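Before anything else, here's the structure in question.
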Amino acid sequence: MLEDDFGREVSGVRVSLTDRCNFDCVYCHNEGLGDTRGPMDPQDDEMSADEVVRFLEVAREFGVEKVKFTGGEPMLRQDLEEIIRRTPDGMEVSMTTNGTFLPGRAPDLVDAGLERVNVSQDALDPEAFAEVTQSGAYDKVIEGVEAALDAGLDPVKLNMVVFEHTAGYVEEMVEHVAENAGLQLQLIQYMPELTGKPEWNIDIQRVHDWLADIAEEVETREMHHRNRYWVGGTADDPEGGMVEIVDPVENPQFCANCHRVRVTHEGYLKGCLNRNDDLRSMGEMTRDEIRETFRETVTNRVPYYGEYMVRGDDGEWEINDEYVNNVEA
């Protein structure tokens, strides 16, 4: 397993299969690339199934244990089942989706080798959901969650971005997963540095404090140093629900415990969600080119907060000049 200069092993990859999406969520940053979404039809710039699989085979050579397929909306790829089926043995396969295409396809995805799924669900109220996602597909998402559970994807993790529009729905969402077997909740901190609209930000620590007060058990994952809160039960108790907070903003501990690299839908490697000055092309995506680019990407990974961004004399975060303009084009 490759390790960067900060002792962080790369054990997982997050692969965007497309920047297309049938939603238009107001907080979307498209894997840190900004709003690059194009037409809904298949695009020539998307990696082919062969290219995706070739990359994963090389990543497996380096000991990568997990892959998460993302987008845009990855299920707009009609060859998704093929890609999952061809993923190297020994690599755990998961996916983040808005859930609208899971009805009818979930069993085939499981048969192909999908092991876990995250479904974006920012509210339990259809009108609130429509306001955030700019979509009227609430019922289809609920159907998709049920289809995933029926297909054996247990647990199904619900992703909820916490910001001004959704903060009032956190409590009922926590109750929802605590009362429904097979569901877990991932509360994702809003990232104004990627999406703009800083006025939508809320203090995520208030959510931590509230969950700590009501949880029966709290644990911390190695990945990103994330906190997990068990509500209505414990980790060893099937009753209740698990709520996890993903809080990367201005969080050096989160960055110091990051163990993944990302791949854009066009076949560029990036070592950090927050940066686009570290994009590295895998060229024609021969195995040798992939190996070289993967090694370079890992070697040049730095924790975003605490290293790339540091506290200045005034206490504000500023770019560390050591890392400016030192990435090859």
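Read the figures in this text as sums done on the coordinates, not as results from a lab. Because the structure is predicted, anything quoted here is derived from the model rather than measured. Every residue, glycine among them, receives a Cβ derived from its backbone with ideal geometry; neighbour counts consider all protein chains shown.
For segment 28-142, state what percent of all Cα-Cα pairs lands in each successive 5 Å bin, counting from 0 Å until the bin that includes the largest distance.
Reading the bins upward from 0: 2, 10, 19, 21, 20, 15, 8, 4, 1, 0.
Another question about this same structure. Please state the charge dipole magnitude for segment 12-302, taken about the Cα centre, from unit charges on C-beta atoms (+1 on K and R, -1 on D and E), reported in debye and rounded to the nearest 20.
It works out to roughly 980 debye.
Further, regarding this structure: Any idea which of 320, 186, 62 is furthest toward the positive side of the dipole for the chain, if Lys and Arg beta-carbons carry +1 and Asp and Glu beta-carbons -1?
In the chain, that residue is 62.
So what J values fall out for segment 194-208 if you push phi through Karplus, 6.51 cos²θ - 1.76 cosθ + 1.60 with θ = phi - 60°, rounded to Hz, Gly and Pro as x?
9, 10, x, 6, x, 5, 7, 5, 10, 7, 5, 5, 4, 5, 3
In addition: Over the chain, what is the relative contact order in percent, taking alpha-carbon pairs closer than 8 angstrom and at least six residues apart?
Reported relative contact order: 18 percent.
Shifting gears a bit: When Rg is the radius of gyration of the Cα atoms in segment 230-329 and Rh is its Kirkwood radius, what does Rg/Rh come to? Before the final figure, lay out the partial values.
Values: Rg = 17.9 Å, Rh = 16.0 Å.
Reported Rg/Rh (Cα atoms, Kirkwood Rh): 1.12.
Segment 69-107 to segment 141-197: how many Å between their Cα centroids?
19 Å
What percent does the relative contact order of segment 51-134 come to when contacts are Cα pairs within less than 8 Å and at least six residues apart?
Over segment 51-134, the number comes to 28 percent.
If you average 1/r over every pair of different alpha-carbon atoms in segment 88-183 and take one over that average, what Kirkwood value in Å do you get?
One decimal place: 13.8 Å for the Kirkwood radius.
If you average the sequence gap of Cα pairs under 8 Å that are 6 or more apart and divide by the length of segment 126-251, what percent do you get for the contact order? The partial results should precede the final answer.
Working: 183 pairs, mean separation 28.1, N = 126.
Relative contact order for segment 126-251 comes out at 22 percent.
Based on DSSP H runs of at least 4 residues, each adding -39500 (n - 2.57), what is the mean residue ellipticity at 222 nm of the chain after dividing by all its residues, to the nearest 500 deg cm²/dmol?
So the helix-based figure for the chain works out to -7500 deg cm²/dmol.
Something else now. Looking at segment 12-302, what % of its DSSP beta bridges pair antiparallel, to the nearest 5?
Bridges in segment 12-302 that DSSP calls antiparallel: roughly 30 percent.
Can I ask one more? Need the full-extension length gain, residue 1 to residue 130, defined as separation in residues times 0.36 nm minus the C-alpha distance. One decimal, nm. Show your work: numbers first, answer last.
Working: separation 129, 0.36 × 129 = 46.44 nm, distance 4.25 nm.
Length gained between residue 1 and residue 130: 42.2 nm.
Bin width 10 Å, origin at 0, all Cα-Cα pairs of segment 12-302: what percent of pairs per bin?
The distribution over segment 12-302 is 6, 28, 37, 24, 5, 0, given as percents.
Enter the per residue convex hull volume of segment 228-285, computed from alpha-carbon coordinates, in Å³ rounded to the nearest integer.
Values: hull volume 8.0 nm³, N = 58.
Per-residue hull volume (Cα only) is 137 Å³.
What is the calculated FRET efficiency for residue 143 to residue 181, with r their C-beta to C-beta distance and R₀ = 22 Å, to the nearest 0.05?
0.80
Here is a further query. Within a Cβ distance under 15 Å of residue 205, other residues only, what is the Lys/Arg minus Asp/Glu net charge? Don't skip to the end; give the middle numbers.
Values: positive: 206, 226; negative: 203, 209, 213, 247, 250.
Local charge sum for residue 205: -3.
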